[in-house]
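Report on the structure given below.
Throughout, read-outs are computed from the coordinates displayed, never taken from laboratory work. Just so we're clear, the structure is a prediction, and the values are computed from it rather than from any experiment. Cβ: placed from backbone, ideal geometry, glycine included. Neighbour counts: every protein chain shown.
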Amino acid sequence: TSRINEQNHLEIGGVDTVDLANTYGTPLYVYDVALIRERARSFRETFKRLNINAQVAYASKAFSTIAMVQLADEEGLSLDVVSGGELFTALQAGFPPERIHFHGNNKSYEELDMAIKYGIGCIVVDNFYELSLIEEVCNANNTNVQILLRVTPGIEAHTHDYILTGQEDSKFGFGLINGQADKAVEIALESQNIVLLGIHCHIGSQIFETTGFLLATERIFTKMKEWKERHGFIPTVVNLGGGFGIRYTADDNPITVSKYVEEIIAEVKKHSDDLSIDIPEIWIEPGRSLVGDAGTTIYSVGSRKEVPNIRQYLAIDGGMSDNIRPALYQAKYEAVLANRVNDEIEETVSIAGKCCESGDMLIWDLPLPKANSNDLLAVFCTGAYGYSMSNNYNRIPRPAVVFVENGEAQLVVKRESYEDLVRLDIPIKTQVIK
Ligand code: LLP
C-alpha cells in the first residue's frame, strides 16, 4: 500500500512522505499499519483455515513501542517479550498478560518476579538456573506458572540453507540431543510450582524455506515419543518460534506466510498421527515478517563526496544509529528519492551514514537520479530491528516514528531531543580550581 502520487512523491498508507518529512522532520520511521494488519491476518487466517489451535505471538524485539503492542493486541496476536523492558512496554500498553510469553537466556529474579506477579501467560524457560529461579519466585509469591521449555534441536537455519550442528553449540535452550531437555522435562514435571505446557524451539531468523522448521518438528516429535512412553507427558503446546524471511531486495525470495504455515502443519499432523496423539496447539512467534516491510525510513540528503573515477558518496542525516543492520550483518536495502521517485536514473551512489565510522554505509552502489541536498531518501523494509536496535552513538538523537493508515498519520514515538540525551547524566562534583 505504497504508491507514487501525481507529484511523483512516495505515498505510504495514503500519506505523502514529503509531507511527513516536513511535519515530523527526518530521519523518520514510517509504518504502514494496514500492511502490519494484513500480515497478522494472513498468519492467523491460515491456522484457522487449517483448523489448528494456534497462537501467533508477535516477537516484539523486532519493534517494541506502546503503539505497536496495542496494534498487536487489536489484531489478536499474542506477544513475545525478552526482557523486563519489553514486558513493561507491553503492560503499559495494556496488553493482556495472559497472552504474553517471556523469553530470554538470562532472566533475572526481578524480571521473573515481575512477570509472575502480573500473571504472565507463560515463561519460555531457557536453562537449569532459570528453572530454579522460577521455583524460588513461585515459592515467594505462593503461586505457580505455566512454562515452555526451549530446546535446541541441533539445527541452525541460515538464509538459504541449514546446518546441522551436532555440537548444539548455542547459548540458548536445553540440548535436545545431549539429554539436557530430558532432564529439564523431569524437573518441570516434578515441580509443584511449574505447569509444563510444552516445548519451544527457534531455529534462526530471515529463513526462506521450510526445511529447517520441518526437521526441527521431526526432532521434537521424536523426543515427544520418548517422553510419552517414559512419563506419559504429552505437550499441550509446541512453539516453533519465528524466523520467517522477508524480501529486502529483489534478490530475496521468501515463500508466503501461508505456505510456511501449511507445510509446518502438514509435518505436525503426520507426526501427531504417528504418535497417536491429538495435534498439539501450535504457537509461532514471527517478528520480522509482521513488521519488516511495513517500515520505511525517510532521510534528508546532505553532503556529497566524489572519489574521482571511483565512487560518489551521498550522505544522509542518519545511519548506523537508526539502522545498524548493514554495519552489523552486511544487510542489503533498496531505496528511492521520496520526493521524485520516477525521475530518470542518472548515477550510481553509495549512501553514507553520518556516524564517525567508515563502516557506517547504508547502501552501496544504489542507482538514483542525480540527488542533492533538497532531496529525501526513502529506504524500504526498515520496520524490523531498525528502531529496536537504534542507539545514540555519536550522541545522535533517535528518530521519531509515525504510523500511517487510511490517509492519516499519527506520531507514535517522539523524536529524541538533545535534552533527552543528557537527561541521565550527572555532572562531577569536584572541580579543578582555576
Ligand atoms: N523467537 C525467538 C526465540 C527469537 O530469538 C526471535 C529472534 C524471534 C522469535 C523472531 O524472529 P524473526 O521472526 O523476527 O526472524 N537483529 C537481527 C535478528 C535477530 C533475531 C533474534 N531472534 C536482525 O536484524 O536481522
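Under a crude label model (7 Å from the Cα following the beta-carbon direction), how far is ASP273 from ALA250 in nanometres?
The two pseudo-label positions are separated by 4.3 nm.
Rounding to the nearest 20 debye, state how big the charge dipole of segment 33-288 is about its Cα centre with +1 on each Lys and Arg Cβ and -1 on each Asp and Glu Cβ.
460 debye
How big is the dipole moment of the chain about its Cα centre under a simple scheme where the beta carbon of each Lys and Arg is +1, that of each Asp and Glu is -1, and everything else is neutral? Debye, nearest 20, please.
560 debye
Suppose every Lys and Arg Cβ carries +1 and every Asp and Glu Cβ carries -1, with no other charges. What dipole size does segment 90-216 come out with about its Cα centre, to the nearest 20 debye?
Charge dipole of segment 90-216: 260 debye, to the nearest 20.
Quick one: which of LYS225/LYS259; LYS332/LYS414; LYS183/LYS270; LYS107/LYS171; LYS48/LYS269; LYS171/LYS225 span more than 18 angstrom between C-alpha atoms?
Among LYS225/LYS259; LYS332/LYS414; LYS183/LYS270; LYS107/LYS171; LYS48/LYS269; LYS171/LYS225, the Cα-Cα distance tops 18 Å for LYS225/LYS259; LYS332/LYS414; LYS183/LYS270; LYS171/LYS225.
Take ILE123, ILE396 and order them by how many other Cβ atoms sit within 10 Å, fewest up front.
ILE396, ILE123
Divide by every residue of the chain the summed helix terms, -39500 (n - 2.57) for each DSSP H run of at least 4, and state the resulting mean residue ellipticity at 222 nm, rounded to the nearest 500 deg cm²/dmol.
On the way: 12 runs with 130 residues, N = 434.
Result for the chain: -9000 deg cm²/dmol, rounded to the nearest 500.
Only bridges with both residues in the chain count here: give the DSSP antiparallel percent, nearest 5.
Values: 35 of 72 bridges.
Of all bridge pairs located within the chain, approximately 50 percent are antiparallel.
Going highest first, how would you order 368-381, 415-428 by mean Cβ packing within 10 Å?
In descending order of packing, they fall as 368-381, 415-428.
Segment 82-152: D in µm²/s via Stokes-Einstein (Kirkwood Rh, Cα pairs, 37 °C, 0.692 mPa s)? Display every interim value, and only then the final one.
On the way: Rh = 12.0 Å.
Result for D is 275 µm²/s.
With both bridge residues required to lie in segment 45-192, what share of the DSSP beta bridges run antiparallel, to the nearest 5%? Spell out each step's value before the answer.
Numbers: 3 of 16 bridges.
For segment 45-192, the DSSP antiparallel bridge percentage is about 20.
Quick one: length gained pulling THR222 to TYR393 fully straight, 0.36 nm per residue minus the C-alpha distance?
Full-extension gain reported as 56.8 nm.
Which of the listed residues, ILE147, PRO427, HIS202, is farthest toward the dipole's positive end in the chain, when Lys, Arg count +1 and Asp, Glu count -1 at the beta-carbon?
PRO427
Work from the charge dipole of segment 313-431 (Cβ charges, +1 for Lys and Arg, -1 for Asp and Glu, about the Cα centre) and give the residue of TYR313, GLY353, PRO397 farthest towards its positive end.
My answer, from the dipole projection, is PRO397.
Roughly what % of Cα-Cα distances in segment 247-325 sit above 22 Å, to the whole percent?
Of the Cα pairs, 57 percent sit more than 22 Å apart.
Say the dipole of segment 33-288 comes from +1 at the beta carbon of Lys and Arg and -1 at that of Asp and Glu; which of LEU91, LEU71, ASN178 then lies farthest toward its positive end?
LEU71
In nm², what is the average projected area of the convex hull enclosing the Cα atoms of segment 98-256?
So the mean shadow area of the Cα hull is 9.9 nm².
If we count other beta carbons within 10 Å of each Cβ, what is the order of HIS202, HIS9, fewest first?
Arranged by neighbour count, lowest to highest, HIS202, HIS9 become HIS9, HIS202.
Where both residues lie in segment 33-288, what percent of DSSP beta bridges are antiparallel, nearest 5?
So the antiparallel bridges in segment 33-288 amount to around 10 percent.
Looking at the calculated P(r) for the chain, what percent of the C-alpha pair distances fall above 41 Å?
Tail of the P(r) past 41 Å holds 23 percent of the pairs.
Rg/Rh for segment 35-99 to two decimals, with Rh computed the Kirkwood way over all alpha-carbon pairs.
Result: Rg/Rh = 0.98.
Over segment 282-367, what lengths in whole Å, largest first, do the semi-axes of the equivalent ellipsoid take, defined as the square roots of 5 times the eigenvalues of the alpha-carbon gyration tensor? All intermediate terms of the calculation are to be shown ahead of the outcome.
Values: eigenvalues 142, 54, 26 Å².
Semi-axis lengths for segment 282-367 are 27, 16, 11 Å.
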